[in-house]
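Only the coordinates and a few stated rules stand behind these numbers; no lab work does. Bear in mind the structure is a predicted one, so any value in this text is a computation, not a measurement. A quick note on method: Cβ atoms are made from the backbone with ideal geometry, for glycine too, and the neighbour counts reach across all protein chains shown.
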Amino acid sequence: MREQPALEQTEAIQRITEKVLQLESQRELNSDLLAFYVEKLVNDILDYCHRNDFPEGLVYTAVDLIRKRISDEAEAAGNSGEFGVAVKGPLASVKMDDTEFKFAVKSADLSGCLSDLDLESIKPKLRLYRKVVSLA
């Protein structure tokens, strides 16, 4: 198995940000919020993988997650897609007659919940790059 090249943390943040901006050129993005999302995701990945360098093979995975988070937040804010669904999240209850849905989280908390679920979804891929940590 060949060794995957790795990036410094700041270089990974820069490359991911550039690729997100390139792919989301049609959408107006808040640059401070984007910078926060990218930095948080890179730090979360480095923490989970017990690394100081960012595996280059995870750049596109990170780009996909950031774009998904941007889309999820746009939907949660009411900028829904073609089916008019504005909120996705864990349900607390469902009522059948007259159709009632209650979400387990408030709209303001939804983006953080979705972010955690997104990171959870890539853990099998992250395990490929995770280093073993000795507690001794």
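Computed over the Cα atoms of region 27-79, pair by distinct pair, the Kirkwood hydrodynamic radius stands at 12.0 angstrom.
Were the residues from Ala74 through Lys125 laid out at 0.36 nm apart, the gain over their Cα-Cα distance would be 15.7 nm. Taking θ as phi - 60° and the Karplus parameters 6.51, -1.76 and 1.60, the scalar couplings of region 23-31 work out to 7, 9, 5, 7, 9, 7, 10, 7, 5 Hz in sequence order, x denoting glycine and proline. Across region 51-60, computed HN-Hα scalar couplings (Karplus, 6.51 cos²θ - 1.76 cosθ + 1.60, θ = phi - 60°) run 10, 9, 10, 9, x, 4, x, 9, 4, 5 Hz from first to last residue, x flagging Gly and Pro. Label point of Ser134 set 7 angstrom out along Cα-Cβ; within region 27-71, amide nitrogens under 18 Å from it belong to 50-52. For Ala6, the residues whose amide H sits under 5 Å from its own are Glu56, ignoring neighbours fewer than 5 places away on the same chain, with H placed 1.01 Å from N.
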